[in-house]
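The values are calculated or read from the model by the stated rules, or taken from the named source; none is laboratory data. This one's a predicted model, so the numbers in the text were calculated from it and none came from an experiment. Positions of Cβ are backbone-derived with ideal geometry, glycine not excepted, and every protein chain shown enters the neighbour counts. For the accessible areas, the whole protein counts, side chains as well, though only heavy atoms, and no ligand, DNA or RNA atoms are used. Shrake-Rupley method; radii C 1.70, N 1.55, O 1.52, S 1.80 Å.
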Amino acid sequence: RMVVVRAEGGAGINPDIRKTEDKVVDAVVVTELAKPLTAYCRCWRSGTFPLCDGSHVKHNKATGDNVGPLLLKKQ
Ligand code: FES
């Protein structure tokens, strides 16, 4: 079953998760990564999806939302 989420009327894509934060960013520490940091998109607006290209900044400004990437950090 497919669920379609629309960000019309300034509602944003995030209805109620950690809304007191300016931007919701989570990090997962992984020991076997080729690069020191990889950001995965969670706003569904990246031109390089599934990787984050910073498009969440424009989305957050336009909608008042607070979405941000999932960061994978090499330790
Ligand atoms: Fe989607 Fe950064 S572009 S979270």
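Remarks
- When segment 41-75 is filtered for residues that are over 19 Å from Asp22 (Cβ atoms) and part of a strand (DSSP E or B), the ones remaining, listed by number, are Leu51, Leu72, Lys73, Lys74.
- Taking first residues from segment 41-60 that are open to solvent by 70 Å² or more (accessible area, probe 1.4 Å) and partners that are of a type in the set (A, V, I, L, M, F, W, C) and more than 7 Å from the ligand (Cβ to nearest atom), the Cβ contacts under 6 Å between residues at least 6 apart in sequence or on separate chains come to Arg42/Leu70.
- Filter result for Val28 (among the aliphatic types (A, V, I, L, M), part of a strand (DSSP E or B) and open to solvent by 50 Å² or more (accessible area, probe 1.4 Å)): yes
- Restricting Leu33, Leu70 to those that are surrounded by 11 or more Cβ atoms within 10 Å (Cβ to Cβ) and within 13 Å of the ligand (Cβ to nearest atom) reduces the list to Leu70.
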